[in-house]
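I have placed the structure first, in the form of structure tokens, so that the comments after it can refer back to it.
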Amino acid sequence: MPNTQTTKHDKPKGRAGKLAQADELVRDFDKLTASRLLPVEAVALLMNCHVATVWAMAKRGDLPKPIPIGGITRWRAGDLRAALAGAK
């Protein structure tokens with residue numbers, strides 16, 4: 001009988017792993033704390049657009065300003081919720 005348990009070693013790596021994590025964050029978006037930081041891939045899924053479009057929207061000021069942390073950039077879930085609510 002095959003082993004159906006998953007381990008940390010079974011998680012997708014690279015781009016597939018980033019997309020899987022982003023998908024999970026977007027599915028749980030309404031449950032995330034306002035301070036939860038989301039990667040650009042999650043913002044792209046949330047906005048239903050390409051990652052490059054997210055960067056362009058942020059540059060134009062159509063999205064909240066992202067937070068640079070070391071060599072990565074993230075957006076606060078609460079800031080995105082407020083922006084989405086204001087866009088309706």
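With r as the distance between the Cβ atoms of K31 and A83 and R0 = 25 Å, compute the FRET efficiency 1/(1 + (r/R0)^6) and round to 0.05. Result of the calculation: an efficiency of 0.85. Packing-based ranking of 75-84, 22-31 yields 75-84, 22-31, ordered from highest to lowest mean Cβ neighbour count within 10 Å. Based on the reciprocal of the average 1/r between different C-alpha atoms, the Kirkwood radius for the stretch 14-87 equals 12.3 Å.
Bear in mind these aren't lab numbers, they're just calculated from the coordinates by the rules spelled out. Predicted, not measured: the structure shown is a model, and the values here were computed from it. Every residue, glycine as well, gets a Cβ built from its backbone with ideal geometry; the counts of neighbours run over all protein chains shown.
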